[in-house]
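**Q** Pasting a structure here, questions to come.
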Amino acid sequence: MAKTAYQKLMEQEKMKAAEYVKSMPREKQLQAMVRISEIQNHPLYTCPPSSAKNAHFFGWMRGLALTMDTLMTGSWYNWLLACEKGEGNVLDFPKQHTLFENKEHEACKKMLEHCMEIVRKDGHYVGEFIEWIGYSLGIAWFEKPRLSDKAYEELYREFVLDLFYLYPADYLSEFVSANGQSGHLDYFPTPIQVTKLMHIMTSKEDVMQDRTASQFEPCVGGAAMILPSESLNIVGADLSLTMTKVAAIQCFIYKPWALYVPRPVVGIHVDRLTLTINKYYEFKTNTRIYNGDSLLGEYYAPVDIFKEKSQVVDIYVGAIDLTKREIFQYDDYLYEPWENIPEDVQREIVIAQAREIPFDRLLTNPPFNVKLNTVEKEKREKIAKSNEQFLKERKENNKGVHIDAHPVEKKVISEVNERLQLII
């Protein structure tokens, strides 16, 4: 049976990875092989299945992805090493601006459409295909897709993961937009050429500053805004669960430090001189991709981003509901000498304070034409009244103590009041 033009193209592309290795200098080849051997011993690595029939388990494609990434860029290798040591050299990571120099490659786009056709023939839509990719990579946001065994086996054979690494680009943002997600929650992806320019305009000439600057994207979409970022300290959130999942996949492929942060890293989240947390840090979860309402500052995320059916916890990033800002739980210790505070309480205070450290940069392209409905307006008005009552009771419970004079809490209250005035 004669091969189609598509089949011939894919065969050619599958050879590119091998050709890439052959073209590497001998020294780099040896280094890559050593690193691949090391990453295959890491707990996150999963052994590839022996056949299509075995490619049903959670995370079956993760090992392949970690191997390919180690071969091409070393992003996962360097990030896992930094997390293991608790300290990282920010210069070990490739420049993100140059990584995303090219537009989407035609071969990868054709491959995605080809796989999408398999999903359509199986009676499903783009959401189920995204579910299949995320579940195969073993990301906790995803559940086992409702595909037939035939579709599973076809996707196993036809999905070419190598293309994402050979030709880095923002494939999934445009893909989900073109295949049914566009218009849902007014999702229209920002072209990566635009987001690249935004990062260049806001970048410093100092590479160290750019790499350690904390960045928040409250309307992350498919991650187009954060892909070109040089920062190793990124948090992304979105109201749409579908787009949160898309962002998680793209961060797995291109931005491991946004998807997986198991511990604070010195030089990125922790000051090298004082060894204290000096950047926003969340201890409840080991991921930085959240789902929820950025106007409220209320989100949720899996506790363990690589554990199937992981417990989900609430995350608050600048919540406008003051009762959800943990910093206020420690009023009794505000003016106590630090050495007099019990160690377990010291830790909780540090955690609460780490959540209040402002981001260095906020880059986003929100859906400006979205209007709050009556229910959402009433929710915010209710929060405003709740805040008033909370502050009143707090004063009554702390008579004689000038709690409002504390700079951190004073700043939080002022910032919340300003935001409430804007969104009510």
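**Q** Quick test for you: out of Ala258, Ala213, pick the one residue that is among the hydrophobic types (A, V, I, L, M, F, W, C) and within 16 Å of Trp141 (Cβ to Cβ).
**A** That would be Ala258, the only listed residue that is among the hydrophobic types (A, V, I, L, M, F, W, C) and within 16 Å of Trp141 (Cβ to Cβ).
**Q** Further, regarding this structure: Which members of segment 295-318 meet the condition of being assigned to a loop (DSSP other than H, G, I, E, B), within 26 Å of Gln421 (Cβ to Cβ) and open to solvent by 30 Å² or more (accessible area, probe 1.4 Å)?
**A** Matches in segment 295-318: Leu295 only.
**Q** Return the residues of segment 130-161 that are more than 21 Å from Ser310 (Cα to Cα), open to solvent by less than 40 Å² (accessible area, probe 1.4 Å), touching a Phe, Trp or Tyr at 6+ places or on another chain (Cβ under 9 Å) and in contact (Cβ under 8 Å) with a residue 40 or more places away in the chain; say none if nothing qualifies.
**A** Scanning segment 130-161 gives Tyr152, Leu155, Phe159.
**Q** Considering only residues that are open to solvent by 10 Å² or more (accessible area, probe 1.4 Å) and without any contact (Cβ under 8 Å) to a residue 60 or more places away in the chain, look in segment 222-240 and name the one that is farthest from the chain's Cα centre (by Cα).
**A** Within segment 222-240, the match that is farthest from the chain's Cα centre (by Cα) is Leu239.
**Q** On to the next question. Going by the conditions given, is Pro262 at negative phi, surrounded by fewer than 21 Cβ atoms within 10 Å (Cβ to Cβ) and at pLDDT 95 or above?
**A** When the stated conditions are applied, Pro262 passes them.
**Q** Considering only segment 163-195, state which residues are surrounded by fewer than 21 Cβ atoms within 10 Å (Cβ to Cβ), under 16 Å from Glu113 (Cα atoms) and modelled with pLDDT of 85 or more.
**A** Glu174, Ser177, Ala178, Asn179
**Q** Additional query: So, Leu112, is that one more than 18 Å from Trp60 (Cα to Cα), in contact with a helix residue (DSSP H, G or I) (Cβ under 6 Å, 6 or more places away or on another chain), open to solvent by 20 Å² or more (accessible area, probe 1.4 Å) and not polar (S, T, N, Q) or not?
**A** no
**Q** Here's something else I'd like to know. Among what's in segment 1-48 and is in a loop (DSSP other than H, G, I, E, B), without any contact (Cβ under 8 Å) to a residue 12 or more places away in the chain and not polar (S, T, N, Q), pick the residue that is farthest from Met72 (Cα to Cα).
**A** Ranking the qualifying residues of segment 1-48, first place goes to Met1.
**Q** Oh, and also: Against the definition (out of contact with any Cys (no Cβ under 8 Å at 6 or more places or on another chain) and open to solvent by 10 Å² or more (accessible area, probe 1.4 Å)), how does Thr244 come out, yes or no?
**A** Answer is no for this residue.
**Q** For Glu117, indicate whether it is within 30 Å of Val312 (Cα to Cα), surrounded by fewer than 19 Cβ atoms within 10 Å (Cβ to Cβ) and modelled with pLDDT of 95 or more.
**A** No: the conditions fail for Glu117.
**Q** Given the conditions (1) among the acidic types (Asp, Glu); (2) under 18 Å from Val220 (Cβ atoms); (3) buried (at least 18 other Cβ atoms within 10 Å of the Cβ), and given that Asp321 satisfies all but one, which numbered condition is not satisfied?
**A** (2)
**Q** Checking the conditions here, which among Ile234, Ile253 is under 18 Å from Phe129 (Cα atoms) and at pLDDT 90 or above?
**A** Ile253
**Q** Of the residues Ala248, Ala258, which is of a type in the set (A, V, I, L, M) and either in a loop (DSSP other than H, G, I, E, B) or within 19 Å of Thr212 (Cα to Cα) (or both)?
**A** Ala258
**Q** Filter segment 324-345 for residues that are touching a strand residue (DSSP E or B) at 6+ places or on another chain (Cβ under 9 Å) and surrounded by fewer than 20 Cβ atoms within 10 Å (Cβ to Cβ) and give the result.
**A** Answer for segment 324-345, where residues must be touching a strand residue (DSSP E or B) at 6+ places or on another chain (Cβ under 9 Å) and surrounded by fewer than 20 Cβ atoms within 10 Å (Cβ to Cβ): Lys324, Glu326.
**Q** Could you check how many residues of segment 222-254 are farther than 15 Å from Val176 by Cα and of a type outside the set (Asp, Glu)?
**A** 17
**Q** Is it true that Asn78 is of a type in the set (S, T, N, Q) and within 26 Å of the chain's Cα centre (by Cα)?
**A** Answer is yes for this residue.
The values are calculated or read from the model by the stated rules, or taken from the named source; none is laboratory data. Bear in mind the structure is a predicted one, so any value in this text is a computation, not a measurement. As a convention, Cβ positions derive from the backbone with ideal geometry for all residues, glycine included, and neighbour counts pool all protein chains shown. All accessible areas refer to the heavy atoms of the entire protein, side chains included, with ligands and DNA or RNA removed. Shrake-Rupley method; radii C 1.70, N 1.55, O 1.52, S 1.80 Å.
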